[in-house]
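K.L.:
Here it is: the structure, laid out below.
The values are calculated or read from the model by the stated rules, or taken from the named source; none is laboratory data. This one's a predicted model, so the numbers in the text were calculated from it and none came from an experiment. Here the Cβ positions follow ideal geometry from the backbone for every residue, glycine too, while neighbour counts run over all protein chains shown.
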Amino acid sequence: MNTFTIGGATVSRIEEQYEANFDANKFFADWRPETVQQHRDWMVSDHYEPSKNMLKLSFHSWLIKVGGKTILIDGCVGNDKSRPARSMWDKLKTQYMARFLATGTTPEQVDLVMCTHLHNDHVGWNTKLVDGRWVPTFPNARYLWHRADYEKYKDADPVKDPNNRAAFEDSVRPVVEAGLADMVDGAHTVNEHLSLEPAPGHTPGTVSITLTAGGARAMFCGDILHHGIQVYQLEWNSFACVDGVNAAKSRRKVLEQCVGAGALLMPAHFGAPFVCHIDAKGGAFVPRWA
């Protein structure tokens, strides 16, 4: 477990998986070996395994404690979820919950669950399987996400987009039916510490989440950036980005905001050390690993 201090807040990384898991050329259509060669020093082996040409992505949640509240950002894939279209996620049995409990927090103590978007690897732990039914994992929490993603994935084609449709049925719909969901349109302020801002492109309802505490800031970007190479290559979109033009625009905006505010970037999938500051260099950006 990794824990970071952001002013008066503590943020813990709850790991589900961290391994070489995606073919680089399939993940990024623009992947070029000569470009990657420039970044081998930091990419190998925490972010990339060259012998397999595989990206090494982490799948984790962020647990925030600030102002007397406990907030979870992004719920990974989840245990027991049927995902036959992605075998590495099918009916997982990971130690995620044990790692969550190791923070000294119980699911009942979570006040708010925030989803940067509603893809299947960000909502799975929203629910758990109890007596054959999917029920909210965090029964006392409100669950917050952007309405645009709800509208998109409630009608996702089960043949063309099986994982995200399945995730809607087992990890989103049960939360709504339990009366725990709060859907927002546009920018939204949760309290003096947390706010979200639309960042469409990866999905229609993708948001960035800003934490402010004690004069310090952090930004949770979900899949606006999947991998550190995108800090350098803003135009590189993943295979999962539904609107590449806006995804690149949102990526630039988030990095500009990190530079301007000195915010620590806290992505959902970066490899070790998992977070970084962003510096401007000419008209481009570079990561400064924490």
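K.L.:
Regarding ARG83, is this residue surrounded by 21 or more Cβ atoms within 10 Å (Cβ to Cβ), charged (D, E, K, R) and over 16 Å from ALA268 (Cα atoms)?
P.N.:
Yes.
K.L.:
Can you confirm whether VAL159 is among the β-branched types (Val, Ile, Thr) and either on the phi > 0 side of the Ramachandran plot or at pLDDT below 95 (or both)?
P.N.:
So VAL159 fits the description; yes.
K.L.:
Ok, one more. Read through the list (1) without any contact (Cβ under 8 Å) to a residue 24 or more places away in the chain; (2) under 24 Å from ASN191 (Cα atoms), then give the number of the only condition that SER87 fails.
P.N.:
Status for SER87: all satisfied but (2).
K.L.:
Would you confirm whether or not segment 34-57 contains a residue that is in contact with a Lys or Arg (Cβ under 7 Å, 6 or more places away or on another chain), crowded, with 16+ Cβ neighbours inside 10 Å and not acidic (Asp, Glu)?
P.N.:
Among the residues of segment 34-57, at least one is in contact with a Lys or Arg (Cβ under 7 Å, 6 or more places away or on another chain), crowded, with 16+ Cβ neighbours inside 10 Å and not acidic (Asp, Glu), which makes the answer yes.
K.L.:
Considering each of THR116, THR105 in turn, give the residue that is without any contact (Cβ under 8 Å) to a residue 60 or more places away in the chain and polar (S, T, N, Q).
P.N.:
When all the criteria are applied, what remains is THR105.
K.L.:
Just the residues that are at negative phi and under 13 Å from the mean Cα position of the chain (by Cα), please, taken from segment 211-231.
P.N.:
Correct list: MET219, PHE220, CYS221, ASP223, ILE224, LEU225, HIS226, HIS227.
K.L.:
Next up: May I ask you to list the residues in segment 156-188 that are of a type in the set (S, T, N, Q) and in contact with a strand residue (DSSP E or B) (Cβ under 7 Å, 6 or more places away or on another chain)?
P.N.:
Once the filter is applied, which keeps residues that are of a type in the set (S, T, N, Q) and in contact with a strand residue (DSSP E or B) (Cβ under 7 Å, 6 or more places away or on another chain), segment 156-188 yields only SER171.
K.L.:
Exactly one of these conditions fails for ARG32: (1) of a type in the set (Lys, Arg); (2) over 26 Å from LEU264 (Cα atoms); (3) touching a residue at least 24 places away in the same chain (Cβ under 8 Å). Give me its number.
P.N.:
(3)
K.L.:
Scan segment 196-228 for residues that are in contact with a His (Cβ under 7 Å, 6 or more places away or on another chain), within 16 Å of CYS258 (Cα to Cα) and small (Gly, Ala, Ser) and jot them down.
P.N.:
ALA213, GLY222, GLY228, listed by residue number.
K.L.:
Let me ask something else. Could you list, in sequence order, all residues of segment 1-35 that are within 18 Å of the chain's Cα centre (by Cα) and among the acidic types (Asp, Glu)?
P.N.:
GLU15, GLU16, GLU19
K.L.:
On to the next question. Which residues, taken from segment 122-139, are β-branched (Val, Ile, Thr) and either touching a helix residue (DSSP H, G or I) at 6+ places or on another chain (Cβ under 9 Å) or crowded, with 22+ Cβ neighbours inside 10 Å (or both)?
P.N.:
VAL123, THR127, VAL135, THR137 - these are the residues of segment 122-139 that are β-branched (Val, Ile, Thr) and either touching a helix residue (DSSP H, G or I) at 6+ places or on another chain (Cβ under 9 Å) or crowded, with 22+ Cβ neighbours inside 10 Å (or both).
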